[in-house]
Amino acid sequence: MARSSLSYLKWPLIVTAVGLGLSGWLGWATEGSMSGVVAFFLIGAVLAVLEIALSFDNAIVNANKLEDMTPVWRQRFLTWGILIAVFGMRIVFPLLIVAVFAWVNPFEAVRLALAEPEEYSRIIENSHSSIAAFGGTFLMMVALSFFVDEDKSIDWIESLERSMRKCGSVRGFEIAFVLIIVALISQALPGHQQASFLFSAIMGLLVFTMVDGLGNYLDQSSSSGVGMAAKGGLGAFLYLEVLDASFSFDGVIGAFALTSNIVLIAIGLGVGAMYVRSMTIMLVEKGTLQQFRYLEHGAFYSIFALSMIMFLQSLVHVPETLTGGIGVVLIGLALFSSIRHNKRETP
């Protein structure tokens, strides 16, 4: 029996109630007043909404990849993957940034997060350009790899996407395109930031190449009859985890504009991540990507826009509401185009 759309919200709503309750309790424990309870409660709610807005396109891309994964690895991603996403990227990742850029051990990073949140937030902010370079490079490669794929048969913006597919026949086109963007952005940065920006961008390119190459290798091994269980398995799992990490960069950095309390950030973004997970499951089980043919295109245009915004954030501040809004608009337009196409095709 098919599940109703509302049934997918069961666990996210439970986590929301628990998370917002913990946010209010944290406000009382930290501030010792009702105003603190209300402030922490509202910040937790805003962080959850921020995470959902910034990661909706992530859910669509995850669903696209999960359709080709084996049931075992699909379930592993939906269980282990969400734990890695919530605890790894929302807690461990910010601590790791502080440990690396402040040249302190992880225990000192934890102490800074809990005892000196202002200093902790300052270190995160100072490392923003390097994080943006890595995440922007990885996400731009993800988007371009979709549009230059010569096997892609459906186009939303036909003239543009046909031209991009032709560019795909040029070996290394997407890598050259990304490197040109990186070089232009780095030249606009202060001299002391250029080296770290370029290094982080190259690392983003290297990680994408390694993860994408591993996935292709496992798929080729599977098609030749070797390691059938590997197809859509470990390679796809690693790809989705790194992709989720790249999407998380913007949310984690944006969260520090609202609060420097690492526990509150983890609660708020963790609640949002549960909705993203449920959206992913719904898209897979209901076959939504097949029903709305341009929805995937909208997600990848959104990813490309997000990658450009991450690069630009190395130079200027871009409000998180604008970042999330662009993604919502692009996906909404793709959904509208899909519905209009379905109406035309219906006898």
(message) Taking the alpha-carbon distance from Lys343 and a cut-off under 24 Å, which lysines remain once sequence neighbours fewer than 8 residues away in the same chain are dropped?
(response) Lys152, Lys286
(request) Go through the stretch 131-144 residue by residue and turn each phi into a ³J(HN,Hα) via Karplus (6.51, -1.76, 1.60, θ = phi - 60°); whole Hz please, and just put x for glycine and proline. (result) 5, 5, 5, 5, x, x, 5, 4, 5, 5, 5, 4, 5, 5
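Viscosity 0.692 mPa s, temperature 37 °C: what is the translational diffusion coefficient of the stretch 5-345 from Stokes-Einstein with a Kirkwood Rh over Cα pairs, rounded to a whole number of µm²/s? All intermediate terms of the calculation are to be shown ahead of the outcome.
Working: Rh = 20.9 Å.
Once the numbers are plugged in, D ends up at 157 µm²/s.
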(request) Just subtract the alpha-carbon distance of Lys343 and Asp151 from 0.36 nm times their residue separation and send over the number in nm, one decimal. (result) 66.5 nm
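Rule-based calculations on the coordinates, nothing more; no lab input. Keep in mind the model is a prediction, meaning the values are calculated, not measured.
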